[in-house]
Amino acid sequence: MTGATFMQLPRYTLGDWDNKAAVRTRRDHYRLPDDLEQQLSIRDWFPPAFIPYVEHPLVHRAGRAVAQRLAANHLVYFLDYTTLLEHRVVNRSVETIVHGELAVPIPGQMKTAALQLYTDEGYHALFSNEVAEQIAALYGIEDRQPPRRINRLLAMIEATSPTDRPLAWFLLGFVSETIIARELLAVTRHTLVCTVYRMLRNHLEDEARHSRYFSQVFQYLWSALDATQRDLAAGMLLRIIGLYFEPDEPWLLRSLASAGFEEQSSRQIIFALLQPGAHAQRVRSGAVSTFTAMRNASLFDNDHYRMVFTQAGFIDG
């Protein structure tokens, strides 16, 4: 790391964490409602806009019950992914800040906020798992293999030299936390089963603070990297952001099969999701906060970094 002059502003906090964090203020049992069947006649497990393949004509013809089963599958998948992500990726990322693995001076307020964020993520994993277990039991969902994205993120770490792993871990957390708040905001704008809405809303309120924190820490870190380290970090970011928006084709096919679709029909249903242009569009719409933080850190002032992200279709030239 270089001897950059760091900003000494009252930043890098989670604000009034004691009075706003879900783990401190939300005493919710997150049990499914007694009138669940009635709610499902007019509400969704997951918003259709978030799982666009349920709008395919083949799914429409199969009826609402099939669409709801696919949405339940997707919600359990999302919650299992969240539980693993919080424990195995985000909190490992936070540890690089707490334990000085990034080799930059860590202001006291930054370390305190990191410890608070670590606590938040453990609670998010707890209630995500609690809701997932109930829905899985309700529908008899047994296919709960680790989401491919988690495996691919961890494989990236394994392929990174030990010296560079703390930086890679931090960047995984930075991308995750600046993406997920936007994802949850999109989810909670829709009419959902009340327990799911309440859980996601509580998660969102925490993640908005996490996104701001990680954005600020990224800017702090970027200012400390030398040219070689910045080249490494930019390359990692390009790959990480792409990984976060890749569809899990094997799981999608298994989910559709569980709802009664044969493989040929299933491939028709997910065809649009697998096109290269669709992936770039998901990145462009989903990583807005991530790219804003990168711009604020002046990353895109570098012509080469701007070019490679543009060539990938992730940003405008």
So the FRET efficiency between Arg152 and Asp35, C-beta based with R0 = 30 Å and rounded to 0.05, is 0.15
Computed for the chain: size of charge dipole around the Cα centre, +1 on C-beta of each Lys and Arg, -1 on C-beta of each Asp and Glu, debye to nearest 20, value 400
Between the modelled labels at Gln109 and Val308 (7 Å from Cα along Cα→Cβ) the distance in nm is 3.4
Debye calc, one equal point scatterer per Cα of the chain, no solvent, log10 I(q)/I(0) at q = 0.12 1/Å comes to -0.84
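Show me the ranking of peptides 87-97, 143-153 by mean Cβ neighbours inside 10 Å, starting with the highest. Don't skip to the answer; put the middle values down first.
Working: 87-97: 21.8, 143-153: 15.8.
Ranked from most to least packed, the peptides come out as 87-97, 143-153.
In deg cm²/dmol, rounded to 500, what helix-only [θ] at 222 nm does the chain give when every DSSP H run of at least 4 residues adds -39500 (n - 2.57) and the total is split over its residues? Could you put the intermediate results ahead of the total?
Details: 16 runs with 209 residues, N = 317.
Taken over the chain, the calculation gives -21000 deg cm²/dmol.
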For Ser223 and Leu274, extending 7 Å from Cα along the Cα-Cβ vector and measuring point to point gives, in nm, a value of 4.7
So for segment 15-57, using the alpha carbon gyration tensor with a ≥ b ≥ c as root eigenvalues (a/c under 1.5 gives rounded; past that, a/b versus b/c decides prolate or oblate), I'd call it oblate
Under the 7 Å Cα-to-Cβ spin-label approximation, Leu185 and Asp301 lie apart by a distance in nanometres of 2.6
Ordering 198-211, 276-289 by per-residue average of other C-beta atoms within 10 angstrom, highest first, gives 198-211, 276-289
Using the Kirkwood radius over Cα pairs of segment 159-263, the Stokes-Einstein translational diffusion coefficient at 4 °C and 1.567 mPa s, in µm²/s and rounded to a whole number, is 79
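Any read-out appearing in this document is the output of simple, stated calculations on the displayed coordinates, not a laboratory observation. Remember, it's a predicted structure, so these values are computed and weren't measured experimentally. For neighbour counting, all protein chains shown are included, and Cβ atoms are generated from backbone atoms with ideal geometry for every residue, glycine included.
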